[in-house]
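For reference, the structure discussed in these notes is given below.
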Amino acid sequence: MTVMEQRGAYRPSPPPAWQPRMDPAPLLPDAEPYRVLGTEAAAKADPDLLRRLYAQLVRGRRYNTQATALTKQGRLAVYPSSTGQEACEVAAALALEERDWLFPSYRDTLAVVARGVDPVEVLTLLRGDWHNGYDPRAHRVAPLSTPLATQLPHAVGLAHAARLKGDDVVALAMVGDGGTSEGDFHEALNFAAVWQAPVVFLVQNNGFAISVPLAKQTAAPSLAHKAVGYGMPGRLVDGNDAAAVHEVLGDAVRQARAGGGPTLVEAVTYRIDAHTNADDATRYRGDSEVEAWRAHDPVKLLERELTTRGLLDEAGLEAARRDAEEMAADLRERMNQDPELNPMDLFDHVYAETTSQLREQRAQLRAELEAEQDGQEGDLR
Amino acid sequence: MTTVAVKPATMAQALTRAMRDAMAADSGVHVLGEDVGTLGGVFRVTDGLAKEFGEDRCTDTPLAEAGILGTAVGMAMYGLRPVVEMQFDAFAYPAFEQLISHVSRMRNRTRGRMPLPITVRVPYGGGIGGVEHHSDSSEAYYMATPGLHVVTPATVADAYGLLRQAIASDDPVVFLEPKRLYWSKDSWNPEQPTEVEPIGRAVVRRPGTSATLITYGPSLPVCLEAAEAARAEGWDLEVLDLRSLVPFDDETVCAAVRRTGRAVVVHEATGFGGPGGEIAARVTERCFHHLEAPVLRVTGFDLPYPPPMLERHHLPGVDRILDAVARLQWEAEG
């Protein structure tokens, strides 16, 4: 039987014979965000995993502060920070196997870094020396997607293709709360459920789409509830609890890999920084709200769990901090070097074979550059 | 010498055969779209593909064009070669964001590391009595987007040959199928398909010396008819079939115009901001001293596509083409 035929036939039936296609109850999300840290569930969590998550969270926080600093210094054109959302970013990367694919949005550079891609290559888009700096196929990470939710159908198609080929590959796609209003969000979830594609959708509900709060974005009981309408399970998780996010995503990935179809995960978190360095968050929210969320900081939550349970001592904490500082120093040093730019690259990747029009335009730019160079040499003389 | 009797085939049949042969030759070729499976497409162009290759290879999708093209992007990222059907020209618009923001840019964005070999088949153009939203000529939108190839066949042989080339291309191709030519017939042997010129090459369909009609897709038969009618007026018109709007064949177009010294661009799409303006500008920039008259355009009027009972007034016809030819400043020669 082919993949598409496994769905079985649904035929229109006259009203007396009508019944729901499935019981919606098992699809309903958690009544409140699922938590591990500070609960009884924490005792069951693998201490090594918690330590690994912590090391990545500390690195992630440092990465966010370093990238923000580089933006202030003019080394990045723009930086959409994920400060406060590191648990989601890190857990998304760690929930996947090597062979799986990650589909990030522009705010998810940290997830890509946590997956092991060189941060300088990841930040290419935001530095502006090219649109995408890493090899998507080598890392199995799609380019950072800027148009909201447009990467979600890509994840569905890739996961579907993998399943058609008989590969047990899962795609994890990341989107924000604002992105759930886009048509592509709807179409992606619908296709994924109809095709039972091995996809996990992670919605980071960070409270704001730039300035617009969730209340103006949706009237749904929760974003996770949207899953039910598509016929897939929804999960609601505390997005600042790295252990919980990792567990929920891990379960969803396993289910998808086993042929159980897609899951929609809503991780409730908070964007501590402004939308980007170009945004002024004081115009739409108060300090007290931000402070309340700072008290529920993902790094602190996990640190408290590890230290109170004696899973990490001061030396361990120090090692994590040192590792993060080394990463930041390396990033700083490399980003403070000017990227190599070759304007002729502009013409090299428009088509597999260039066109006569682009050949002419390439020659024009080359002539302009040569004239520019001659002019500069003339100035020197 | 023996001649093999070849039965006439329709353009629709040639297109079907092209997909069938492509699917047989490459297991990565997948067809997806609305009603393309069990039904065989509303124009029956995918007829028999689901039966022969299974629903995993020829798939009825949910009714959502952005989703169709968006998932095709992901399939291509994983190494497949999707052929997407948009049911009608005006139903392709929901897929514009995927096409413009991702399909056209992915090769460039990734420095050539992740090209997207996707063929987007779009039935286009009028003349079939379609009600609103079933007759648009949307080629100018696609032409204005770098990274896409925009191809349109006007003959049965080209329908097969160009579609095979489009599917084999490592670049995304918007493949515009002239609806009203779906049932046009020509003697064509599916077992020995005629070799055709590559994408990017224009072809002279009728040699002539007086003036060149530059056209493509649904307007080719109209231009050929006009050229026949023009003989009575003493004009020997050349008819050039562009076949490929992107890449554009400046070389063949300019060589033709330099031969005849006069040119009329003919298409159904609206004139303002339409392909004809670009073509006329390119010809003028390159062949100015060979031109005996300004390049004229015969196009659809600058209005939303008319209701079917009025569309004949909108579409370029023989008389309107001959009127344009008559305005090519012949008296200046005398």
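The values are calculated or read from the model by the stated rules, or taken from the named source; none is laboratory data. Values in this document were obtained by computation on a predicted structure and should not be read as measured data. Glycine also receives a Cβ, built like all others from the backbone with ideal geometry; neighbour counts cover every protein chain displayed.
When A:P33 is evaluated against the numbered criteria (1) over 21 Å from A:F201 (Cα atoms); (2) surrounded by 15 or more Cβ atoms within 10 Å (Cβ to Cβ), which criterion, by number, is the only one it fails?
Every condition holds for A:P33 apart from (1).
In the list A:A328, A:A267, A:A315, which residue meets the criterion of being aliphatic (A, V, I, L, M), at pLDDT 95 or above and touching a Ser or Thr at 6+ places or on another chain (Cβ under 9 Å)?
The match here is A:A328.
For segment B:30-51, check the following and say yes or no: at least one residue is closer than 16 Å to A:H160 by Cα, free of Cβ contacts under 8 Å to residues at least 40 places away in the same chain and out of contact with any Pro (no Cβ under 9 Å at 6 or more places or on another chain).
no
Would you tally the residues in segment A:295-326 being within 17 Å of A:D273 (Cβ to Cβ) and surrounded by 13 or more Cβ atoms within 10 Å (Cβ to Cβ)?
Residues that pass the stated criteria total 5.
Do any residues in segment A:180-191 that are more than 7 Å from chain B (Cβ to nearest Cβ) have Cβ atoms under 7 Å from those of residues that are among the charged types (D, E, K, R), where the two are at least six apart or on different chains, and which pairs are they?
A:T180/A:K226
Taking the condition surrounded by fewer than 22 Cβ atoms within 10 Å (Cβ to Cβ), at positive phi and within 14 Å of chain A (Cβ to nearest Cβ), does B:G127 pass?
no
Working only within segment B:242-278, note down all residues that are under 14 Å from the mean Cα position of the chain (by Cα), β-branched (V, I, T) and more than 11 Å from chain A (Cβ to nearest Cβ).
Across segment B:242-278, the qualifying residue is only B:V266.
Of all residues in segment B:90-108, count the ones that are at the interface with chain A (Cβ under 9 Å from one of its Cβ atoms) and among the aliphatic types (A, V, I, L, M).
Qualifying residue count for the region: 1.
What are the residues in segment B:191-214 that are modelled with pLDDT under 95 and either acidic (D, E) or surrounded by fewer than 17 Cβ atoms within 10 Å (Cβ to Cβ) (or both), if any?
B:E191, B:Q192, B:T194, B:E195
Is segment A:278-295 home to any residue that is within 24 Å of A:P80 (Cα to Cα) and under 19 Å from the mean Cα position of the chain (by Cα)?
Among the residues of segment A:278-295, not one is within 24 Å of A:P80 (Cα to Cα) and under 19 Å from the mean Cα position of the chain (by Cα), which makes the answer no.
Any residue that is assigned to a loop (DSSP other than H, G, I, E, B), more than 19 Å from B:L163 (Cα to Cα), within 18 Å of the chain's Cα centre (by Cα) and not acidic (D, E) - is there at least one of those in segment B:106-127?
yes
Identify all residues within segment B:50-85 that are of a type in the set (A, V, I, L, M) and either within 7 Å of chain A (Cβ to nearest Cβ) or farther than 24 Å from B:A24 by Cβ (or both); write none if there are none.
B:L63, B:A64, B:A66, B:L69, B:A72, B:V73, B:M75, B:M77, B:L80 - these are the residues of segment B:50-85 that are of a type in the set (A, V, I, L, M) and either within 7 Å of chain A (Cβ to nearest Cβ) or farther than 24 Å from B:A24 by Cβ (or both).
How many residues, within segment B:142-163, are more than 14 Å from the chain's Cα centre (by Cα) and either farther than 23 Å from B:I100 by Cα or within 13 Å of chain A (Cβ to nearest Cβ) (or both)?
3
Would you check which residues across segment B:175-224 are under 23 Å from B:V31 (Cβ atoms) and aliphatic (A, V, I, L, M) and list them?
Of everything in segment B:175-224, those that are under 23 Å from B:V31 (Cβ atoms) and aliphatic (A, V, I, L, M) turn out to be B:L176, B:L181, B:V196, B:I199.
Select from segment A:152-168 the residues that are on the phi < 0 side of the Ramachandran plot and more than 8 Å from chain B (Cβ to nearest Cβ) and write down the one among them that is surrounded by the most Cβ atoms within 10 Å (Cβ to Cβ).
Looking at the filtered set, the residue picked out is A:R163.
Listed residues A:T146, A:T109, A:T124; which is within 9 Å of chain B (Cβ to nearest Cβ) and among the β-branched types (V, I, T)?
After applying the criteria, what remains is A:T146.
When segment A:334-361 is examined, which residues are found to be more than 13 Å from every other protein chain (Cβ to nearest Cβ), part of a loop (DSSP other than H, G, I, E, B) and touching a Leu at 6+ places or on another chain (Cβ under 9 Å)?
Within segment A:334-361, A:N336 is the sole residue that qualifies.
Test B:G217 against the criterion of being within 17 Å of the chain's Cα centre (by Cα), on the phi > 0 side of the Ramachandran plot and modelled with pLDDT of 95 or more, and give yes or no.
yes
Has segment A:198-219 got at least one residue that is at the interface with chain B (Cβ under 8 Å from one of its Cβ atoms), crowded, with 24+ Cβ neighbours inside 10 Å, within 21 Å of A:V117 (Cα to Cα) and not charged (D, E, K, R)?
No, segment A:198-219 contains no residue that is at the interface with chain B (Cβ under 8 Å from one of its Cβ atoms), crowded, with 24+ Cβ neighbours inside 10 Å, within 21 Å of A:V117 (Cα to Cα) and not charged (D, E, K, R).
Quick one: how many residues across segment B:209-241 are in contact (Cβ under 8 Å) with a residue 12 or more places away in the chain, farther than 25 Å from B:W183 by Cα and either among the aliphatic types (A, V, I, L, M) or within 14 Å of chain A (Cβ to nearest Cβ) (or both)?
3
Could you tell me which of the residues B:A64, B:A90 is surrounded by fewer than 22 Cβ atoms within 10 Å (Cβ to Cβ), touching a helix residue (DSSP H, G or I) at 6+ places or on another chain (Cβ under 8 Å), assigned by TED's automatic domain parsing to the domain that holds B:M114 and touching a residue at least 12 places away in the same chain (Cβ under 8 Å)?
When all the criteria are applied, what remains is B:A64.
Enumerate the strands (runs of 3 or more DSSP E) found wholly within segment B:244-334, keeping only those where 2 or more residues are within 19 Å of B:G217 (Cα to Cα) and among the aromatic types (F, W, Y).
none
In this structure, does B:H30 turn out to be more than 28 Å from B:V156 (Cβ to Cβ), buried (at least 18 other Cβ atoms within 10 Å of the Cβ) and either within 14 Å of another protein chain (Cβ to nearest Cβ) or among the charged types (D, E, K, R) (or both)?
So B:H30 does not fit the description; no.
Output the residues belonging to segment B:130-157 that are aliphatic (A, V, I, L, M) and either buried (at least 24 other Cβ atoms within 10 Å of the Cβ) or assigned to a loop (DSSP other than H, G, I, E, B) (or both).
B:V131, B:A144, B:L148, B:V150, B:V151, B:A154, B:V156
If you scan segment B:270-294, which residues turn out to be surrounded by fewer than 23 Cβ atoms within 10 Å (Cβ to Cβ) and either among the hydrophobic types (A, V, I, L, M, F, W, C) or outside the structural domain of B:T215 (by TED's automatic domain parsing) (or both)?
Those that are surrounded by fewer than 23 Cβ atoms within 10 Å (Cβ to Cβ) and either among the hydrophobic types (A, V, I, L, M, F, W, C) or outside the structural domain of B:T215 (by TED's automatic domain parsing) (or both): B:F272, B:A280, B:A281, B:C287, B:F288, B:L291, B:A293.
Right, B:I199: under 30 Å from B:G74 (Cα atoms), in contact with a Lys or Arg (Cβ under 7 Å, 6 or more places away or on another chain) and not charged (D, E, K, R) or not?
Considered against the rule, which asks whether it is under 30 Å from B:G74 (Cα atoms), in contact with a Lys or Arg (Cβ under 7 Å, 6 or more places away or on another chain) and not charged (D, E, K, R), B:I199 comes out as no.
Can you tell me which residues in segment A:127-137 are under 19 Å from A:L96 (Cα atoms) and more than 8 Å from chain B (Cβ to nearest Cβ)?
Of everything in segment A:127-137, just one residue is under 19 Å from A:L96 (Cα atoms) and more than 8 Å from chain B (Cβ to nearest Cβ), namely A:Y134.
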